[in-house]
Amino acid sequence: MIGMISAERWQQSEYFYYTIVPIVIVVGLIAILGLMIVLLYQENRHPKAIAVLIALILVCGVGYLTGDHFYHDFKALNRQVTPSIRDREKRFAGYKYYDRDTMAVYQRIQMKETIESFGIYQSEPVSQSITFLGFAHESVYFKVGEQVYYARMSPTFVAEDEALLKGVQYHLADTSYSKIGFLTETNNYLEEIQIPESQAEKRFEPIDSVIPQEFGKSQSVWALPQKNEE
């Protein structure tokens, strides 16, 4: 399990890697270039200038290594953050906010392991009643409201009479993270489709003028397991 850092430490880490480090790199490169020029041209070899440039290079190097050691945990955590749980990413100055379409695409992707490893979200069971229409083409066909969908999932047969979508939704337990763009809740992560045992042999019959939509790609309320979206 990855140990999550505090929201304040997260902001400090972002500032270091996305603002301070680029400045340090530019200053360090300029100092190295200046030192090379001083050393290449004998008439410009002023001991004080050489000492200042070397000191500046050392300060940049030590500053980066010290900061990288202190904020190191952030790098592994940040690599796992996507628009499915955060609405922005850090840039040199300020943030870049994701557009609605990008957010919708990523929110169709389950990130259960990552979310649970962060330790800042709590899961709650969720379910939704559906109208089961039958099986065809290795898919489950069902209706939500007036829309007909299909999902390439193996259902779970139950003794109950009601067909259900069942899964979990994650809610942000540490609200301090919402101030830096972490979503207060995810969409629903689909874990299983429950079908009454009495309808196990039901076959889907096409409906005139109705084109079933692929469930994992045509709505963003529920996210399907990734292996089922291939």
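On inspection, Ile85 qualifies as out of contact with any Asp or Glu (no Cβ under 7 Å at 6 or more places or on another chain) and of a type in the set (A, V, I, L, M, F, W, C). Here Met4 fulfils each of the conditions (1) in a helix (DSSP H, G or I); (2) open to solvent by 30 Å² or more (accessible area, probe 1.4 Å); (3) in contact (Cβ under 8 Å) with a residue 40 or more places away in the chain apart from (1).
Of all residues in the range 179-194, exactly one satisfies the criterion of being assigned to a helix (DSSP H, G or I) and surrounded by 15 or more Cβ atoms within 10 Å (Cβ to Cβ), namely Ile180.
Residues Gln219, Gln213, Gln199, Gln194: which one is assigned by the TED database to the domain that holds Glu116, under 24 Å from the mean Cα position of the chain (by Cα) and in contact (Cβ under 8 Å) with a residue 12 or more places away in the chain?
Numbers: Gln213 fails: under 24 Å from the mean Cα position of the chain (by Cα); Gln199 fails: under 24 Å from the mean Cα position of the chain (by Cα); Gln194 fails: under 24 Å from the mean Cα position of the chain (by Cα).
On inspection, the qualifying residue turns out to be Gln219.
List the helices (runs of 4 or more DSSP H) that sit entirely inside the range 43-133 and contain at least 1 residues that are modelled with pLDDT of 90 or more and within 14 Å of Leu183 (Cα to Cα). I'd like the intermediate steps shown before the answer.
Numbers: elements: 47-70, 72-78, 100-106, 112-118.
Answer list for the range 43-133: 100-106.
If you filter the range 160-178 down to residues that are open to solvent by 20 Å² or more (accessible area, probe 1.4 Å) and hydroxyl-bearing (Ser, Thr, Tyr), you find that the one that is nearest to Glu124 (Cα to Cα) is Thr175.
The values are calculated or read from the model by the stated rules, or taken from the named source; none is laboratory data. The model shown is predicted, which means the values in this text are computed figures rather than measured ones. For neighbour counting, all protein chains shown are included, and Cβ atoms are generated from backbone atoms with ideal geometry for every residue, glycine included. Side chains are part of the model used for accessible areas, which takes the heavy atoms of the whole protein and leaves out ligands, DNA and RNA. Shrake-Rupley method; radii C 1.70, N 1.55, O 1.52, S 1.80 Å.
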